[in-house]
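Structure first, commentary second.
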Amino acid sequence: MSAFWRPQAGPQTLGAFSPCGLTLMGGTRGGGKSDAAIGRHIIGAERYGNHWNGLIIRRKYNDFAEMRRRWDELIAAGLPAERIGGDQQQNFIRFANGASVCLSAVQRREQLSAFVGQQYSEITFEEATTLPFFSGALDKLRGSLRSPHGVPCRMFATGNPGGPGHNQVKETFRLGNNYNHPANTIFMENGESRVFIPSFLDDNEILCANDPGYVNRLRAISDPALRKAWIEGDWDTFIGQAFSFGPEHHCEAHPIPPNAALLSTYDWGFGKPFSWGWWWLDNDGRLYRFAEWYGWSGEADKGLRLEDSAIAEGIVERERELGIWGRQIDRLAGPDCFAKRPDYRGGGQLPPTAEAFARYGIILRPGDPSRQSKIRQFRERLRIRRDENGAVLERPMLQVYESCAQFWRTMPALCIDEEHPEDVDSEQEDHVFDEAALALQARKLNIFTDPIVGAVPASGWKVV
């Protein structure tokens, strides 16, 4: 136990002394998770001295403001350390005994390379759900989690539901109704011990006693989604999502009309997942996503690393099973499918994907990749038309079969890019979005001018 920091009873104590290789603490606002993260580093620094080298990561340097204030408060109270500035993205906590903790901002995935070759005894991901590359960060930094002095090395994360890293955190720790994994229960994943320790506002007795106004403000939140995420810690709630999906957009599987126009869309991937979707249109121009093939390893944002020929063979096989092989299909792909690629087996270049697919009778044409346009097309097709009493007048112009699991896994979790509000954050697992948008771009829809839907009446129904 530290002489300068003591955890509160309950989740904060469990978090401070978790022995797991990877621990997530949090779930709601005000649960004391960030203080537990600081406490772990203080305990480690006091125990291991100059053999302790900690790393705390947040996405933006300004996000460290409260954590920096807390470190300063502890130092002013007698913690034998000092906080010194690095560059615009870093601070360092230097302990009198030689231990150190680096506070570093990592806004983009490629910045993780700066930590390769370093040695850290503990790596903390503060507000992990704000990192759209959380899974990639785990993989990249595991190689830097080591100690030649025998210090036990672990990773610790904090986070609440919502944000661009929501899905990756959720899947890493088996959270939500799809997993129904009990909290505070250690499990093994690829030889690594993991645990989720939920903490709630009521567990932070110090905050509740000293700032009842904050407690009351949180409890006064009326927005149902915010209440579920920030107060109840519901990991099946999405906060800050780019698109709003409801039951009106779900469609049970049913046969494709024999004369319906068919489309397929493709987003190439190798180290990252590829995504292939199949669509049909009804007579009103409504798009139905009825099948998909997502080339992932089962881990978030990791691809199968399949060659073009293997993917083409898989497409033919699946279309035969769907009973659509041989039908006329408008096949759209991103522009990268029409350029030569490096041969990942070593040396030289491979022919374009479109050329490789053509050998199997799969003829691709370039789709429209405009990022700002496609987010608008999604929103147009997701609109729900209601009458003055709120009743739905007709199904939205985008329908997705329930069987399209990867669409429903990744699309609702997409968040808007903070710096470009007319685009999604491209650091997320957005491969289905990029692929599906090709269909929407090819069949553009504007409900105010498109003859498919007609002009908006002066009254009688509203668009939400």
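Residue check: is TRP5 touching a helix residue (DSSP H, G or I) at 6+ places or on another chain (Cβ under 9 Å) and not assigned by TED's automatic domain parsing to the domain that holds ASP139? For TRP5, the condition - touching a helix residue (DSSP H, G or I) at 6+ places or on another chain (Cβ under 9 Å) and not assigned by TED's automatic domain parsing to the domain that holds ASP139 - is met.
Considering only the stretch 336-357, I want to know if a residue exists there that is over 21 Å from HIS249 (Cβ atoms), touching a Ser or Thr at 6+ places or on another chain (Cβ under 7 Å), surrounded by 16 or more Cβ atoms within 10 Å (Cβ to Cβ) and small (Gly, Ala, Ser). Taking every residue of the stretch 336-357 in turn, at least one turns out to be over 21 Å from HIS249 (Cβ atoms), touching a Ser or Thr at 6+ places or on another chain (Cβ under 7 Å), surrounded by 16 or more Cβ atoms within 10 Å (Cβ to Cβ) and small (Gly, Ala, Ser). For the stretch 385-400, the tally of residues that are surrounded by 18 or more Cβ atoms within 10 Å (Cβ to Cβ) and assigned to a loop (DSSP other than H, G, I, E, B) stands at 2. Annotation: of all residues in the stretch 409-426 being within 14 Å of LYS170 (Cβ to Cβ), outside any loop (DSSP other than H, G, I, E, B) and not polar (S, T, N, Q), the one that is modelled with the highest pLDDT is ARG409. Scanning for something assigned to a helix (DSSP H, G or I) and within 20 Å of LEU262 (Cα to Cα), does the stretch 343-355 turn up at least one residue? Yes, some residue in the stretch 343-355 is assigned to a helix (DSSP H, G or I) and within 20 Å of LEU262 (Cα to Cα).
I'd like the residue in the stretch 113-126 that is modelled with pLDDT under 95 and among the aliphatic types (A, V, I, L, M) and, out of all such residues, is farthest from HIS51 (Cα to Cα). Applying the filter and picking the extreme gives ALA114. Pairing residues of the stretch 64-87 that are on the phi > 0 side of the Ramachandran plot with residues that are surrounded by 13 or more Cβ atoms within 10 Å (Cβ to Cβ) and not small (Gly, Ala, Ser), at Cβ distances under 9 Å and at least 6 apart in sequence or on separate chains, gives GLY78/PHE4. Selection over the stretch 65-81 of residues that are assigned to a helix (DSSP H, G or I) and within 21 Å of PRO7 (Cα to Cα) gives a count of 11. Here the condition is being modelled with pLDDT of 95 or more and either in contact with a strand residue (DSSP E or B) (Cβ under 6 Å, 6 or more places away or on another chain) or surrounded by fewer than 22 Cβ atoms within 10 Å (Cβ to Cβ) (or both); of ILE42, ILE57, it holds for ILE57 alone.
Given the condition under 31 Å from the mean Cα position of the chain (by Cα) and either on the phi > 0 side of the Ramachandran plot or without any contact (Cβ under 8 Å) to a residue 12 or more places away in the chain (or both), answer yes or no: does some residue in the stretch 321-336 qualify? Please lay out each step first, then the result.
Here is the first cut: in the stretch 321-336, the residues under 31 Å from the mean Cα position of the chain (by Cα) are 322, 330-336.
Still in the running and either on the phi > 0 side of the Ramachandran plot or without any contact (Cβ under 8 Å) to a residue 12 or more places away in the chain (or both): none.
No: the stretch 321-336 contains no residue that is under 31 Å from the mean Cα position of the chain (by Cα) and either on the phi > 0 side of the Ramachandran plot or without any contact (Cβ under 8 Å) to a residue 12 or more places away in the chain (or both).
For the stretch 308-328, a tally of residues being among the aliphatic types (A, V, I, L, M) and either modelled with pLDDT under 95 or surrounded by fewer than 18 Cβ atoms within 10 Å (Cβ to Cβ) (or both) returns 3.
Has the stretch 126-136 got at least one residue that is among the acidic types (Asp, Glu), farther than 18 Å from ASP301 by Cβ and surrounded by 14 or more Cβ atoms within 10 Å (Cβ to Cβ)? Before the answer, list the steps.
Step one: list which residues in the stretch 126-136 are among the acidic types (Asp, Glu), which gives 126-127.
Checking the rest, the ones that are also farther than 18 Å from ASP301 by Cβ come to 126-127.
Narrowing the set further to residues that are surrounded by 14 or more Cβ atoms within 10 Å (Cβ to Cβ) leaves 126-127.
Within the stretch 126-136 (the criterion being among the acidic types (Asp, Glu), farther than 18 Å from ASP301 by Cβ and surrounded by 14 or more Cβ atoms within 10 Å (Cβ to Cβ)), the answer is yes, since at least one residue qualifies.
The values are calculated or read from the model by the stated rules, or taken from the named source; none is laboratory data. Only a predicted model underlies this, so the values are computations on that prediction, with no experimental measurement involved. Cβ coordinates were reconstructed from backbone atoms using ideal geometry, including for glycine residues, and neighbour counts include every protein chain displayed.
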